[in-house]
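What follows is a set of notes on a single structure, which appears directly below.
The values are calculated or read from the model by the stated rules, or taken from the named source; none is laboratory data. Remember, it's a predicted structure, so these values are computed and weren't measured experimentally. With ideal geometry, Cβ positions are generated from the backbone for all residues, glycine too; neighbour counts draw on all protein chains shown. All accessible areas refer to the heavy atoms of the entire protein, side chains included, with ligands and DNA or RNA removed. Shrake-Rupley method; radii C 1.70, N 1.55, O 1.52, S 1.80 Å.
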Amino acid sequence: MGSNDKAVLNYGEGQAVELPIMSGSMGPDVVDIRQLYAKTGMFTYDPGFMSTAACRSAITYIDGDTGVLLYRGYPIEQLAQQCDFLEVAYLILNGELPSAEQKAKFVYTVTRHTMVHDQLTRFYSGFRRDSHPMAVMVGVVGALSAFYHDSLDINDPHHREVAAFRLVAKMPTIVAMAYKYSIGLPFMYPKNDLSYTANFMRMMFGVPTEDYVVNDVLVRALDRILILHADHEQNASTSTVRLAGSSGANPFACIASGIACLWGPAHGGANEAALNMLGDIQKQGGVAKIGEFIRQVKDKNSTVKLMGFGHRVYKNYDPRAKLMRETTHEVLHELGLQDDPLFKLAIALEKIALEDDYFVSRKLYPNVDFYSGIVQRALGIPTAMFTCIFALARTVGWIAQWNEMISDSEQKIGRPRQLFTGATRRDVVPIAQR
Ligand code: SDX
């Protein structure tokens, strides 16, 4: 994509530099600053990358002002209503929705990569049973790189495709094993006659002593949750995967770095934090205590945040939050939990926050994490596992973004610079004189 426009930067004593402006297919134009340092001796300064496009990408488009999310051009609302997770995974990886035949082949291949090397199962026993499952995920997924390091040439498109299949296919098995390990129950092996998400739920909640009964409504709800979390442009964990991959690191190690970043409460850990927040308010008195809680959030001296609210990009309602609220309602209804106190509390909190100028003026709306904890808890998923489910879903986005970066002719190792504010040059004084 290109444009003839240029930006002119005036600096120093009457100096000026012209910088090309580039246009994509949608969204903001970019000022190409690749020559800025060479021409001016200056860097740009953008901690948190609030105004920085770090790459070209054709995978996911977000319009934060209008609350739009498109995977390869398709609106998230249509994908969540009309497709299943593996169909969306195919789209994100390949750029087009699959035909029935392509989907059947993709599902067949994913299904037959769901088992893990038996020695991988031994990594779990090195962790305490009460370890946070995200710590286990970082370790076990990172260990996958030890099993495939020598059989992977990241510059070979076929090797990259096999790595993608292995990661998408094995994550449910690895996540379910982390859960089983934490509760001291035996690992469940995948069953090839089940759908991807039904297979995951059986590995999570099934036991060897009896057949697992699949609940299609609950499977559909979790499948939709996976779709909503599959990719999201250049978020913190995706940027971590790209940066790790830019050095040529093994894709399994790169995905492990993405899991580590996702763990943070400001990012993928927010759904766990949001549910814990709702639980705390409930303990303190529920809806009657919302006012007091909101006061704490507004208090600049407190570090209390309304978890599940706010977003770096969405300055409107996160479209995924709307779909997540619908899914929560469906699941609670299916389980006869319509009167779930935490769901009622979340609805009340959302209503109050959306009418409060503190949130309105800062354009703080519910994000994908605000409701996802409630629906996952209703599905029987323990709070500590929420971010593992997020990582399971986001793996397809991470690997697609990694693949796009590796195959991008413009890609180089990522190496940001800095504005140095430390001590200027000085000489060491012998310790006897210090
Ligand atoms: C995800 O990037 C992605 O795409 C992420 C994600 C994905 O799919 O990959 O969408 C998933 O990470 C969703 C976000 C989940 N995190 C949370 O719900 C945690 C709570 N939210 C915040 O921590 C915060 O909103 C962020 C981190 C999400 C965004 O922060 P920004 O863009 O850096 O905004 P900011 O911190 O500069 O806040 C702007 C103002 C500040 O107030 P002032 O200093 O201007 O007075 O809004 C306030 C903040 O204090 N603010 C909040 C708030 N979020 C921002 N105040 C109370 N509660 C909040 N949640």
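Tabulated data
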| item | result |
| --- | --- |
| Leading residue by the ranking (farthest from the ligand (Cβ to nearest atom)) among those in segment 254-273 that are part of a helix (DSSP H, G or I) and at pLDDT below 95 | E272 |
| Sole exception among (1) touching a strand residue (DSSP E or B) at 6+ places or on another chain (Cβ under 8 Å); (2) surrounded by 19 or more Cβ atoms within 10 Å (Cβ to Cβ) for L93, by number | (1) |
| Criterion: away from the ligand (no atom under 16 Å from the Cβ) and open to solvent by 40 Å² or more (accessible area, probe 1.4 Å) - qualifying residue of A54, A104 | A104 |
| Subset of segment 335-349 [over 17 Å from R377 (Cα atoms) and crowded, with 17+ Cβ neighbours inside 10 Å] | L349 |
| Boolean, V368 is crowded, with 22+ Cβ neighbours inside 10 Å, within 14 Å of the ligand (Cβ to nearest atom) and among the β-branched types (V, I, T) | yes |
| Residues being without any contact (Cβ under 8 Å) to a residue 40 or more places away in the chain, near the ligand (Cβ under 8 Å from one of its atoms) and among the hydrophobic types (A, V, I, L, M, F, W, C) - total across segment 284-325 | 1 |
| Close pairs from segment 128-154: first acidic (D, E), partner surrounded by 17 or more Cβ atoms within 10 Å (Cβ to Cβ), Cβ under 8 Å, at least 6 apart | D130/S182 |
| Filter result for L354 (open to solvent by 20 Å² or more (accessible area, probe 1.4 Å) and within 16 Å of the ligand (Cβ to nearest atom)) | yes |
| Check on L332, open to solvent by less than 40 Å² (accessible area, probe 1.4 Å) and at pLDDT 90 or above | yes |
| Only listed residue being in contact with a helix residue (DSSP H, G or I) (Cβ under 7 Å, 6 or more places away or on another chain) and either open to solvent by 10 Å² or more (accessible area, probe 1.4 Å) or hydrophobic (A, V, I, L, M, F, W, C) (or both), chosen from T383, T395, T387 | T383 |
